């Protein structure tokens, strides 16, 4: 299984809602990532988990809360988002060692009304 | 401050010819470079990578060249095919990936 899966594919939420994005990989990768991509822009790093511990938080607002329940799963909990948070949210994973490529999931298209 | 730059937002090439996509970076601490291909509403797909200790890496129709002194890398696709039409992102790695802004490649049949 060489796939990173993300659910849901699309999500529409109001500014007062609480929702979660889910990412799963079964490649045994020990590093997992959340990226945000706005239209016509490159993906921007949000969080990095290494061996289920948060290792990098790129100054992301607290309305985004990541969670890594186990080595295969990565969640992104959303609360009180703003319309400008609407974007494609990408999850990626990487095997151990510094030089291995990251495998990306298909993304969740989030719209905040 | 953009640490990874792709100065050509778009490139159009005839089928069968060579496509050359360019990328420049500013941070000499980057030690690994990657190219990804992306279709709309999909995640990036890994194409090819190169370590900073090498100057060339080849995989089928794709070759990546790295010029460390110029802080420049390029992706060559030979021969180009219509299915190669997509947005290509250059990325540089230190703790995580830093992406360039992308180049939209259009291969004309």
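Within segment B:10-17, is there a residue that is at positive phi, within 14 Å of chain A (Cβ to nearest Cβ) and in contact with a strand residue (DSSP E or B) (Cβ under 7 Å, 6 or more places away or on another chain)?
no
Kindly evaluate residue B:74 against the criterion of being in a loop (DSSP other than H, G, I, E, B), closer than 15 Å to residue B:103 by Cβ and away from every other protein chain (no Cβ under 14 Å).
no
Looking only at residues that are touching a residue at least 60 places away in the same chain (Cβ under 8 Å) and within 11 Å of the chain's Cα centre (by Cα) in segment A:6-34, which one is surrounded by the fewest Cβ atoms within 10 Å (Cβ to Cβ)?
Only one residue tops the list, namely A:7.
Could you tell me whether any residue of segment A:88-108 is more than 30 Å from residue B:30 (Cβ to Cβ) and under 13 Å from the mean Cα position of the chain (by Cα)?
Scanning segment A:88-108, I find no residue that is more than 30 Å from residue B:30 (Cβ to Cβ) and under 13 Å from the mean Cα position of the chain (by Cα), so the answer is no.
Scan segment A:85-113 for residues that are over 12 Å from residue A:14 (Cα atoms) and not in a strand (DSSP E or B) and report the count.
Summing the residues that are over 12 Å from residue A:14 (Cα atoms) and not in a strand (DSSP E or B) in segment A:85-113 gives 10.
Hey, among the residues in segment A:35-61 that are surrounded by fewer than 12 Cβ atoms within 10 Å (Cβ to Cβ) and not in a strand (DSSP E or B), which one's farthest from the other protein chains (Cβ to nearest Cβ)?
Per the criteria, the residue is A:61.
Would you be able to say whether some residue in segment B:15-35 is touching a helix residue (DSSP H, G or I) at 6+ places or on another chain (Cβ under 8 Å) and part of a loop (DSSP other than H, G, I, E, B)?
Within segment B:15-35 (the criterion being touching a helix residue (DSSP H, G or I) at 6+ places or on another chain (Cβ under 8 Å) and part of a loop (DSSP other than H, G, I, E, B)), the answer is yes, since at least one residue qualifies.
Could you please let me know if residue B:40 is over 20 Å from residue A:90 (Cα atoms) and outside any strand (DSSP E or B)?
When the stated conditions are applied, residue B:40 does not pass them.
So which residues in segment B:37-71 are more than 14 Å from chain A (Cβ to nearest Cβ) and closer than 16 Å to residue B:25 by Cβ?
Answer for segment B:37-71, where residues must be more than 14 Å from chain A (Cβ to nearest Cβ) and closer than 16 Å to residue B:25 by Cβ: B:55, B:65, B:67, B:68, B:69, B:70, B:71.
I'm trying to understand the selection: among the residues of segment A:62-95, which are within 14 Å of chain B (Cβ to nearest Cβ) and loosely packed, with under 14 Cβ neighbours inside 10 Å?
Hits for segment A:62-95: nothing passes.
Would segment A:11-26 turn up any residue that is farther than 14 Å from residue B:96 by Cα, in a loop (DSSP other than H, G, I, E, B) and either touching a strand residue (DSSP E or B) at 6+ places or on another chain (Cβ under 6 Å) or modelled with pLDDT of 95 or more (or both)?
No - not one qualifying residue is present in segment A:11-26.
Quick one: count up the residues across segment B:92-109 that are surrounded by 21 or more Cβ atoms within 10 Å (Cβ to Cβ), more than 7 Å from chain A (Cβ to nearest Cβ) and assigned to a loop (DSSP other than H, G, I, E, B).
0
For segment A:96-111, enumerate the residues that are facing chain B (nearest Cβ under 9 Å) and without any contact (Cβ under 8 Å) to a residue 12 or more places away in the chain.
Once the filter is applied, which keeps residues that are facing chain B (nearest Cβ under 9 Å) and without any contact (Cβ under 8 Å) to a residue 12 or more places away in the chain, segment A:96-111 yields A:98, A:99, A:100, A:101.
Going through B:105, B:66, B:75, B:97 one at a time, which residue ends up being closer than 18 Å to residue B:4 by Cβ and at pLDDT below 95?
Only one candidate qualifies: B:97.
The values are calculated or read from the model by the stated rules, or taken from the named source; none is laboratory data. Every value quoted in this text rests on a predicted model; they were computed, and no experiment measured them. Heads up, the Cβs are rebuilt from the backbone with ideal geometry, glycines too, and the neighbour counts pull from every protein chain shown.
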